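S.K.: For reference, the structure I am asking about is given below.
The values are calculated or read from the model by the stated rules, or taken from the named source; none is laboratory data. Keep in mind the model is a prediction, meaning the values are calculated, not measured. As a convention, Cβ positions derive from the backbone with ideal geometry for all residues, glycine included, and neighbour counts pool all protein chains shown. These accessible areas exclude ligands, DNA and RNA; they are computed on the full protein's heavy atoms, side chains included. Shrake-Rupley method; radii C 1.70, N 1.55, O 1.52, S 1.80 Å.
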Amino acid sequence: MHLKIAILAGDGIGPEVTNEAVNVLTTVANARGHVFEYIPLLIGGVAITAYGTPLPPETLEKTLRCDAALLGAVGDNKFNHLPPSERPEAGLLRIRAALGGFANLRPAVAYKALADNSPLRPEITDGADILFVRELLGGLYFGEPRAWHKSTDRAHNTMVYTRAEVERVARIAFDLASRREKKKITSVDKANVLECSQLWRAVVTDVSRDYPTVTLEHQLVDSMAIHLMTRPRDFDVVLTENLFGDILSDESGVITGSLGMLPSATLGGKVNLYEPVHGSAPDIAGTGKANPIGAILTAAMVLRHSAGMEAEAKLIEDAVDEALNEGNRTTDIARGNVAGQTTLATTQMGELILGKVEARLSAA
Ligand SMILES: NC(=O)c1ccc[n+]([C@@H]2O[C@H](COP(=O)([O-])OP(=O)(O)OC[C@H]3O[C@@H](n4cnc5c(N)ncnc54)[C@H](O)[C@@H]3O)[C@@H](O)[C@H]2O)c1
Ligand SMILES: CC(C)[C@H](C(=O)O)[C@@H](O)C(=O)O
Ligand SMILES: [Mg+2]
């Protein structure tokens, strides 16, 4: 197989964690006789610096000709003064829209080895295994009109959803739920206040009729925020609109122990887009403290969803599990002075997991 992958490393810790993910992908490709061709492209703050725009035309054109795109993170405080349409984040939103993927899968799993790292008690997180399906191309992010009228000190954004937009992401969520053990969907909305959420609830309910094996529950987003922290094990697939999914998926970092542990894959468009959930983390960029596991698990999702390599995807996930079980930690998942734990830098953690992937590939 020849797989062409756009590498959109971006800003801050983006390049640091993407490098580790690419090393893992290369190892898998070599071991299995595949060729993974990487096309490094600029996006975000680094693209603004080089070309004056967060999404240069070349980046988009070349990414559209790839089989998959792997993104690190975008965002740089030095561009905070710019309007939203010119900031690094606009590059990410534009490429998401152009690639067309609307179903953003964000798994959040409680690792046994990290039970003591979560601020939640182990008996609360133990066994939690949630798959967020976040609608990625609608809602407040893309709704028009939008503006900040500086002369009148007034600003507005528009939340828009159509039946078709809700239905297509709901179908993906129901398909995924029907293949999972619990077969349950929690659809999150704010139907007590927002018309968009009332439409959302009606469409999700309609779609559910085609999936008799899947149980559907509706949950208001504000109370969902607390249920996620008090009883995360009760959830299976969590289906949300764009902004609610952005917020709740970061919150689920608490269940796993760190935001740096969370991967994602965006499906349904011309080219699947893969990105860890976290951002460019300017507070730790360049210090070697970035956790590469979210990016490495994102590489596993590339194999699962763009290369049909389920066994190899699982093998990477098992290698991560083993690394954690042995007590290996990056700073974000380390607890001071715990016996049997070693704190590693980004590249050290990447290399350690890579070694375990190599060993598993040759054993399999
Ligand atoms: N997909 C993306 O590109 C993406 C996602 C979220 C935020 N951002 C951007 O990133 C910038 C910073 O945003 P933020 O600080 O709100 O969110 P962030 O996710 O970058 O960081 C939040 C906190 O988590 C920590 N963290 C994040 N990833 C980590 C990792 N892999 N290992 C260890 N610690 C990690 C950071 O150090 C920070 O303390 C902003 O410009 C924002 O717009 C980009
Ligand atoms: C950077 C930003 C545009 C992005 C989002 O809000 O979707 C990020 O927070 C994410 O979760 O991927
Ligand atoms: Mg986010």
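S.K.: Looking at 305, 278, which one is in a helix (DSSP H, G or I), open to solvent by 10 Å² or more (accessible area, probe 1.4 Å) and assigned by TED's automatic domain parsing to the domain that holds residue 344? So that I can check it myself, show each step before the final result.
M.R.: Numbers: 278 fails: in a helix (DSSP H, G or I).
On inspection, the qualifying residue turns out to be 305.
S.K.: Go through 121, 65 for me and flag whichever is under 30 Å from residue 2 (Cβ atoms) and open to solvent by 50 Å² or more (accessible area, probe 1.4 Å). Walk me through it before giving the result.
M.R.: Values: 121 fails: under 30 Å from residue 2 (Cβ atoms).
Being under 30 Å from residue 2 (Cβ atoms) and open to solvent by 50 Å² or more (accessible area, probe 1.4 Å) holds for just one of 121, 65, which is 65.
S.K.: Could you figure out which of (1) at pLDDT 95 or above; (2) within 16 Å of ligand 3 (Cβ to nearest atom); (3) in contact with a strand residue (DSSP E or B) (Cβ under 6 Å, 6 or more places away or on another chain); (4) open to solvent by less than 10 Å² (accessible area, probe 1.4 Å) isn't true of residue 295?
M.R.: All conditions are met except number (3).
S.K.: From the list 339, 290, 359, which one is of a type in the set (Gly, Ala, Ser) and part of a helix (DSSP H, G or I)?
M.R.: Values: 339 fails: part of a helix (DSSP H, G or I); 290 fails: part of a helix (DSSP H, G or I).
After applying the criteria, what remains is 359.
S.K.: Of 101, 75, 52, which residue is on the phi > 0 side of the Ramachandran plot and within 16 Å of ligand 2 (Cβ to nearest atom)? Lay out the reasoning, then the answer.
M.R.: Working: 101 fails: on the phi > 0 side of the Ramachandran plot; 52 fails: within 16 Å of ligand 2 (Cβ to nearest atom).
Exactly one of 101, 75, 52 is on the phi > 0 side of the Ramachandran plot and within 16 Å of ligand 2 (Cβ to nearest atom), namely 75.
S.K.: Restricting to the stretch 17-34, and then to whatever is of a type in the set (Gly, Ala, Ser) and touching a residue at least 12 places away in the same chain (Cβ under 8 Å), can you tell me which residue is nearest to ligand 2 (Cβ to nearest atom)? Step through it out loud before you land on a result.
M.R.: Within the stretch 17-34, the first condition is being of a type in the set (Gly, Ala, Ser), and the residues that meet it are 21, 29, 31, 33.
Restricting the remaining residues to those that are touching a residue at least 12 places away in the same chain (Cβ under 8 Å) gives 21, 29, 31.
Working: 21: 16, 29: 26, 31: 31 Å.
Residue satisfying both the conditions and the ranking: 21.
Per-residue answers, yes or no, for (1) touching an Asp or Glu at 6+ places or on another chain (Cβ under 6 Å); (2) over 28 Å from residue 72 (Cα atoms); (3) not basic (Lys, Arg):
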residue	(1), (2), (3)
94	no, no, no
126	no, yes, yes
137	no, no, yes
152	no, yes, yes
160	no, yes, yes
163	no, yes, no
166	no, no, yes
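S.K.: Please specify each residue of the stretch 234-262 satisfying the condition of being within 10 Å of ligand 3 (Cβ to nearest atom) and open to solvent by 10 Å² or more (accessible area, probe 1.4 Å).
M.R.: Answer for the stretch 234-262, where residues must be within 10 Å of ligand 3 (Cβ to nearest atom) and open to solvent by 10 Å² or more (accessible area, probe 1.4 Å): 243, 246, 247, 250, 259.
S.K.: Further, regarding this structure: Six or more apart or on different chains, Cβ atoms under 8 Å: show the pairs whose first residue is in the stretch 1-16 and on the phi > 0 side of the Ramachandran plot and whose second is outside any helix (DSSP H, G or I) and among the charged types (D, E, K, R).
M.R.: 12/76
S.K.: Being of a type outside the set (Val, Ile, Thr), part of a loop (DSSP other than H, G, I, E, B) and open to solvent by 60 Å² or more (accessible area, probe 1.4 Å), is that true of even one residue in the stretch 161-179?
M.R.: Just the residues of the stretch 161-179 that are of a type outside the set (Val, Ile, Thr), to begin with: 161, 163-165, 167-168, 170-171, 173-179.
This time we only want the ones that are part of a loop (DSSP other than H, G, I, E, B), so: 161, 179.
Filter once more, keeping what is open to solvent by 60 Å² or more (accessible area, probe 1.4 Å): 179.
Yes; the residues of the stretch 161-179 include at least one that is of a type outside the set (Val, Ile, Thr), part of a loop (DSSP other than H, G, I, E, B) and open to solvent by 60 Å² or more (accessible area, probe 1.4 Å).
S.K.: Which pairs do you get when a residue that is in contact (Cβ under 8 Å) with a residue 60 or more places away in the chain and on the phi < 0 side of the Ramachandran plot, found in the stretch 265-280, comes within reach of a residue that is open to solvent by 30 Å² or more (accessible area, probe 1.4 Å) and within 13 Å of ligand 1 (Cβ to nearest atom), reach meaning Cβ atoms under 6 angstrom, with the pair 6+ apart or on two chains?
M.R.: Close Cβ pairs (under 6 Å, with a partner that is open to solvent by 30 Å² or more (accessible area, probe 1.4 Å) and within 13 Å of ligand 1 (Cβ to nearest atom)) amount to 278/259; 280/12.
S.K.: Hey, another quick one. Does the stretch 270-279 contain any residue that is more than 13 Å from residue 134 (Cα to Cα), more than 16 Å from ligand 2 (Cβ to nearest atom) and among the aliphatic types (A, V, I, L, M)?
M.R.: Step one: list which residues in the stretch 270-279 are more than 13 Å from residue 134 (Cα to Cα), which gives 270-276, 278-279.
Now drop any that are not more than 16 Å from ligand 2 (Cβ to nearest atom), which leaves 270-271.
Add one more test, that the residue is among the aliphatic types (A, V, I, L, M), and what stays is 271.
For the stretch 270-279, residues more than 13 Å from residue 134 (Cα to Cα), more than 16 Å from ligand 2 (Cβ to nearest atom) and among the aliphatic types (A, V, I, L, M): present.
S.K.: Say we look at the stretch 228-256 and pick out the residues that are of a type in the set (Asp, Glu) and within 13 Å of the chain's Cα centre (by Cα); which of these is farthest from ligand 1 (Cβ to nearest atom)?
M.R.: Looking at the filtered set, the residue picked out is 251.
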